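Trainee: Dropping the structure in here first, questions after.
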Amino acid sequence: MPTQTADQECRDCGYAPELKRTLGSFQVFAISFAFISVAVGIFGTYDDVLRDAGPVGIWLWVVVAVGQTLVALVIAQFAARIPLSGSSYQWASRLANPKIGWVFGWLTFCYLALGVVTVDNAMASSALMPLFGMQPDEDTARMITLVVVLVQAVLVVFSTRLVGLITSGAVGLELLIVVVLAIGLFVAVAVTGNGSIGNLTSRGITEGAPNYFAIGGGLMAAMIMGLATLVGFDSAANMAEEAKDPFRSVPRAIVGSVVAAAVLGMVFLIALTIAIKDIPRISASDTPVAAILRDQLGPVMEHLLLVAIAFAFFGAGMVTLATCSRMVFAMSRDARFPAYRLMRRVNPRTQTPIPATIMIVAVGVVLMATLPGGALLELLTVGTVISAVLYGGIIVLYLAVRKHLGHQEDAFDLGRFEVPVAIGALVWSAVVLFVIVSPPEAVTSILLAIGLLLLGGLYFGYLWFFHREVLDTEPGEADVFSH
């Protein structure tokens, strides 16, 4: 019955159900949790926290977790009422107007397309290369990134069910590894005495640093760990047309994933920080998490961690690629994405949008071939800027149209708390954007983000002047280019 209701909702919105509903409740949760990936986020940014703010900077994780949970609650309200691929694109197109919806769709596409290569480049440089004893090399990391993206694309086009199974496995392993490692670190410190609870309040190598508490200073910069990790929880909404009971499973996955990731991540961070033997030495390491585990639990555990982290990275990258291809597909079936006739095709055998998926691989090739300098840091910052703008826009949209939202029986609903939660989420989004753009070194990333938006603006201008009817047509209506 839930599947039939969801399929009928899809038809009522003007679309024939082309994608196969194979994702159960845990698999939908796993998609959002895998995108967040606590282990991946902490593994990739813990060194920045130690260098910018010292060990005490981990407590900013709590602040970010509360703020991102407010955002997730607002997004869940939309997901419970319009369970369609394209998420924010669909919500804005139907509740505001198609032009605003296009902007939301382009922002989401940019964020997800960047996310694919960000995760896979981090996997190459932070997990695979150390695992196989390879020396740090930017060019090698870029080549490995492209190979990983290609393998993920093959799996994504082959089967959505396979994506769900791999993602669920990655999440299960990640949960197990993080819990076991946290317990192991606590026990090791208690038995050997190598470590200190005083690390939790230490500024480490930043002690006495100027502008530590200033705007854009070291302490504020430490928020990047939470901001770069506790995002993407809305990815489940992009897979709504492949979920069996999207009215309930998708919003629960959105909220549940960010809450679970926040709690698990905080416990892991406390365990890691207490277990630091030598703060200056660990702070100087490119992979401090691995170094801490090697010190406390031995080299075997370090290698097991790298294997598990690589698997978690792979699952996160694959989910990001899958959700990005669904955004491209969703915009293309409304004739609002470049090469839309090709990008909207769904293979009748696999029931997946193969051209849209291949296009994401092509984007990865371009990014890896053209980005200057340290690709990972630039991609991470640009993606964080775009996600902050996107989430803020979704919240503004919700406050503007909330009175016009319908109510699905048994669907997720904040009730009388919706306005306070939405206002809190909006204030938080403004804070996030301010934190991201404040550091002087963020200028390059801001310019790259603006460049991506201008690129989309060119296509929007093309539609505006030559195919205005596309931007005036409600999503799901007859293809105005069918002739």
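The values are calculated or read from the model by the stated rules, or taken from the named source; none is laboratory data. Fair warning: this is a prediction, and the values are worked out from it, not measured in the lab. Counting neighbours? That spans all protein chains shown, and the Cβs are built from the backbone with ideal geometry, glycine included.
Trainee: When both residues are 6+ apart or on different chains and their Cβ atoms are under 8 Å apart, which pairs have a first residue that lies in the stretch 436-464 and is over 20 Å from R336 (Cα atoms), and a second that is not in a helix (DSSP H, G or I)?
Mentor: Every condition considered, the pairs that remain are S438/I215; S438/G216; P439/G216; P440/G216.
Trainee: Counting just the residues of the stretch 238-285 that are over 17 Å from V319 (Cα atoms) and of a type in the set (D, E), which one comes out nearest to the chain's Cα centre (by Cα)?
Mentor: Among residues in the stretch 238-285 that are over 17 Å from V319 (Cα atoms) and of a type in the set (D, E), the one nearest to the chain's Cα centre (by Cα) is D245.
The rows are residues; the columns are (1) in contact with a Ser or Thr (Cβ under 9 Å, 6 or more places away or on another chain); (2) closer than 30 Å to F213 by Cα; (3) at pLDDT 95 or above.
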| position | (1), (2), (3) |
| --- | --- |
| G44 | yes, yes, no |
| D48 | no, yes, no |
| D52 | yes, yes, no |
| T69 | no, yes, yes |
| Q77 | no, no, no |
| R81 | no, no, no |
| S88 | yes, no, no |
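Trainee: A further question on this structure: Give me the pairs: first residue in the stretch 302-331 and free of Cβ contacts under 8 Å to residues at least 60 places away in the same chain, second residue surrounded by 24 or more Cβ atoms within 10 Å (Cβ to Cβ), beta-carbon distance under 7 Å, and six or more apart or on different chains, which are they?
Mentor: Pairs found: E302/L293.
Trainee: Within the stretch 221-238, can one find any residue that is outside any loop (DSSP other than H, G, I, E, B), over 30 Å from L379 (Cβ atoms) and at pLDDT 90 or above?
Mentor: Step one: list which residues in the stretch 221-238 are outside any loop (DSSP other than H, G, I, E, B), which gives 221, 224-229, 235-238.
Imposing the further condition that a residue be over 30 Å from L379 (Cβ atoms) reduces the set to none.
There is no residue in the stretch 221-238 that is outside any loop (DSSP other than H, G, I, E, B), over 30 Å from L379 (Cβ atoms) and at pLDDT 90 or above.
Trainee: Counting only residues that are free of Cβ contacts under 8 Å to residues at least 12 places away in the same chain and assigned to a helix (DSSP H, G or I), how many does the stretch 284-298 have?
Mentor: Residues meeting the conditions: 2.
Trainee: Name the residues in the stretch 43-71 that are surrounded by fewer than 24 Cβ atoms within 10 Å (Cβ to Cβ) and among the aliphatic types (A, V, I, L, M), would you?
Mentor: The answer is V56, L60, V62, V63, A65, V66, L70.
Trainee: Among the candidates M129, M123, single out the residue that is more than 19 Å from the chain's Cα centre (by Cα) and not hydroxyl-bearing (S, T, Y). Please lay out each step first, then the result.
Mentor: Details: M123 fails: more than 19 Å from the chain's Cα centre (by Cα).
Among M129, M123, only M129 is more than 19 Å from the chain's Cα centre (by Cα) and not hydroxyl-bearing (S, T, Y).
Trainee: Right, another one. I'd like the full set of residues that are in contact with a helix residue (DSSP H, G or I) (Cβ under 7 Å, 6 or more places away or on another chain) and not β-branched (V, I, T), limited to the stretch 414-429. Break it down into steps so the answer makes sense when it comes.
Mentor: We begin by selecting, within the stretch 414-429, every residue in contact with a helix residue (DSSP H, G or I) (Cβ under 7 Å, 6 or more places away or on another chain); these are 414, 418, 421-422, 424-426, 428-429.
Passing the criteria: L414, E418, A422, G424, A425, L426, W428, S429.
Trainee: On the basis of being touching a strand residue (DSSP E or B) at 6+ places or on another chain (Cβ under 6 Å) and either among the charged types (D, E, K, R) or part of a helix (DSSP H, G or I) (or both), does G172 make the cut? Lay out the reasoning, then the answer.
Mentor: Values: touching a strand residue (DSSP E or B) at 6+ places or on another chain (Cβ under 6 Å): no; either among the charged types (D, E, K, R) or part of a helix (DSSP H, G or I) (or both): yes.
Taking the combined requirement at face value, the residue does not satisfy it.
Trainee: Let me ask another. If I ask for residues that are more than 17 Å from L162 (Cα to Cα) and small (G, A, S), which ones from the stretch 319-355 would you list?
Mentor: Once the filter is applied, which keeps residues that are more than 17 Å from L162 (Cα to Cα) and small (G, A, S), the stretch 319-355 yields A330, S332, A335, A339.
Trainee: If you don't mind, another one. Just checking, does the stretch 82-97 include any residue being surrounded by fewer than 24 Cβ atoms within 10 Å (Cβ to Cβ), assigned to a helix (DSSP H, G or I), touching a helix residue (DSSP H, G or I) at 6+ places or on another chain (Cβ under 7 Å) and of a type in the set (D, E, K, R)?
Mentor: Within the stretch 82-97, none of the residues are surrounded by fewer than 24 Cβ atoms within 10 Å (Cβ to Cβ), assigned to a helix (DSSP H, G or I), touching a helix residue (DSSP H, G or I) at 6+ places or on another chain (Cβ under 7 Å) and of a type in the set (D, E, K, R).
Trainee: While we're on this one: Regarding F26, is this residue crowded, with 24+ Cβ neighbours inside 10 Å and among the hydrophobic types (A, V, I, L, M, F, W, C)?
Mentor: In short, no.
Trainee: Further, regarding this structure: For the stretch 35-54, does any single residue satisfy the condition of being farther than 21 Å from L380 by Cβ and polar (S, T, N, Q)? So that I can check it myself, show each step before the final result.
Mentor: First, pick out the residues of the stretch 35-54 that are farther than 21 Å from L380 by Cβ: none.
No - not one qualifying residue is present in the stretch 35-54.
Trainee: Criterion first (aliphatic (A, V, I, L, M) and either buried (at least 16 other Cβ atoms within 10 Å of the Cβ) or touching a strand residue (DSSP E or B) at 6+ places or on another chain (Cβ under 7 Å) (or both)) does V119 satisfy it?
Mentor: Details: aliphatic (A, V, I, L, M): yes; either buried (at least 16 other Cβ atoms within 10 Å of the Cβ) or touching a strand residue (DSSP E or B) at 6+ places or on another chain (Cβ under 7 Å) (or both): yes.
Answer is yes for this residue.
Trainee: Here is a list: A335, A284. Which entry is surrounded by fewer than 16 Cβ atoms within 10 Å (Cβ to Cβ) and modelled with pLDDT of 90 or more? Step through it out loud before you land on a result.
Mentor: Values: A335 fails: surrounded by fewer than 16 Cβ atoms within 10 Å (Cβ to Cβ).
Result of the check over A335, A284: A284.
Trainee: For the stretch 1-65, which fully contained helices (runs of 4 or more DSSP H) count at least 1 residues that are over 24 Å from M123 (Cα atoms) and of a type outside the set (S, T, N, Q)?
Mentor: Details: elements: 2-12, 25-36, 38-52.
Passing ranges, in order: 2-12, 25-36.
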